[in-house]
Amino acid sequence: MKTRVRLLANALALVALALPPAGAAVDPGTPDAAVDKGLAALVHLQHADGSFDDSTASTALAGIAMLAGGSTPTRGQYRDAAAKTLHAILGLQDKVSGYLGNANGNMYAHGFATLYLAETYGMAPSQPVRQALGAAIDLILYAQNKEGGWRYNPVPADADISVTVCQVMALRAAYNAGVGGKDVADALDRAEVYVRRCATGNGSFSYQAGSGGMDGWGTNGPEGIPRTAAGSMCLISAGKTDAADVNLGPALLFLRRNVSAHLHTATNYFWYGEYYSAQALFHSPDPSDWDAYWQQAVPVIVGRQDDSGQWTQGEGPGPAYATAMALIILQIPNNYLPIFER
């Protein structure tokens, strides 16, 4: 963990302070104490079989949260819990199809689990992980539809941006780890085409391509944050990082304008929206985007932690999901995870 530069109380105190003058720099402090307490609480939530929340997605996200804190299956404070998590994920994979979404999950779960395997393989290479990752990637490649996106089921049918971003992040992580090669690169190119078709005229992204935002989902204000953040990360994962990009530039502007309201008022998809917003703003070509986000996010997210160290507010199949999401966001500056590195 990074050296503490201020007490956690300083971060929490920001909630009660008046907003600083425009352009003023505010250091919210490092959330080390909250992270330490949260990781201990997360490990306490692990089942005997290594899973979390009886959910593939929660198990994978918990594993990613431990990796982000420096605990791999072979080293770190929580290496035993991390090793059990890896064992659980490997045990969930269908040995024929490579699918990881059968147990209380779908392609969301498969995407998160594949991302976890790619990050684990990069940190602690082992042949079983390589084989499992390769099979999981093959399934993603098979399930990509003709538009370039993915949907809930592991078949090339329809698509939406929220499922698509999970697969794109997994593909990028695998590609970075040297798995998939040109097939993965080509799939990312096709996914980029799909995501651009989801872009609306105000910088946000529709749930599905061709709907123009008229698909029953909000594309304005804080309601548009989850899909806009997802669209931004799809483009960034596809290698687009220029603020002059016709879709990424407006999307980052949309995030700047609306992420604060999402942090403070969102009741639906809070963690999903903040998970991708944090990553998109961390990778923004303008470093001030991350600085501004961090100042606001730390006190809000730390303020949601309960006395046990868990995060229980927000969506998810159980407390491990929210706790893992919070921990991943708060540990992004650690730069321990290859997929989150600038």
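The values are calculated or read from the model by the stated rules, or taken from the named source; none is laboratory data. Predicted model, so just to flag it, every value in this text is computed and none were measured. So basically every Cβ, Gly included, is an ideal-geometry build from the backbone, and we count neighbours across all protein chains shown.
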Criterion: of a type in the set (D, E), at pLDDT 95 or above and within 21 Å of N102 (Cβ to Cβ) - qualifying residue of D160, D183 = D160
With respect to A244, determine if the residue is at pLDDT 95 or above and either surrounded by 23 or more Cβ atoms within 10 Å (Cβ to Cβ) or assigned to a helix (DSSP H, G or I) (or both).
-> no
Residue among Y121, Y142, Y116, Y108 that is aromatic (F, W, Y) and over 23 Å from V195 (Cβ atoms) = Y121
Of all residues in region 128-148 being under 24 Å from G70 (Cβ atoms) and surrounded by fewer than 16 Cβ atoms within 10 Å (Cβ to Cβ), which is modelled with the highest pLDDT?
-> R130
Residue pairs meeting the criteria (Cβ under 6 Å; at least 6 apart or on separate chains; first of a type in the set (D, E, K, R), in region 172-198; second not in a helix (DSSP H, G or I)) = R190/G148; E192/A238; R196/N247; R197/A209
Going through region 315-327 in order, the residues found to be closer than 11 Å to A65 by Cβ and touching a Leu at 6+ places or on another chain (Cβ under 7 Å) are A320, Y321, T323, A324, M325, L327
Condition broken by P222, with the remaining ones in (1) modelled with pLDDT of 95 or more; (2) assigned to a helix (DSSP H, G or I) satisfied | (1)
Any idea which of (1) under 18 Å from the mean Cα position of the chain (by Cα); (2) under 18 Å from G178 (Cα atoms); (3) free of Cβ contacts under 8 Å to residues at least 40 places away in the same chain is the one M66 doesn't satisfy?
-> (2)
Among (1) surrounded by fewer than 20 Cβ atoms within 10 Å (Cβ to Cβ); (2) out of contact with any helix residue (DSSP H, G or I) (no Cβ under 6 Å at 6 or more places or on another chain); (3) within 30 Å of V43 (Cβ to Cβ); (4) not small (G, A, S), where does V300 come up short?
-> (2)
Among G210, G224, G201, which is without any contact (Cβ under 8 Å) to a residue 60 or more places away in the chain and touching a Gly at 6+ places or on another chain (Cβ under 6 Å)?
-> G224
Single match in G63, G101, G23 (criterion: at pLDDT below 95 and either in contact with a strand residue (DSSP E or B) (Cβ under 9 Å, 6 or more places away or on another chain) or surrounded by 24 or more Cβ atoms within 10 Å (Cβ to Cβ) (or both)) = G101
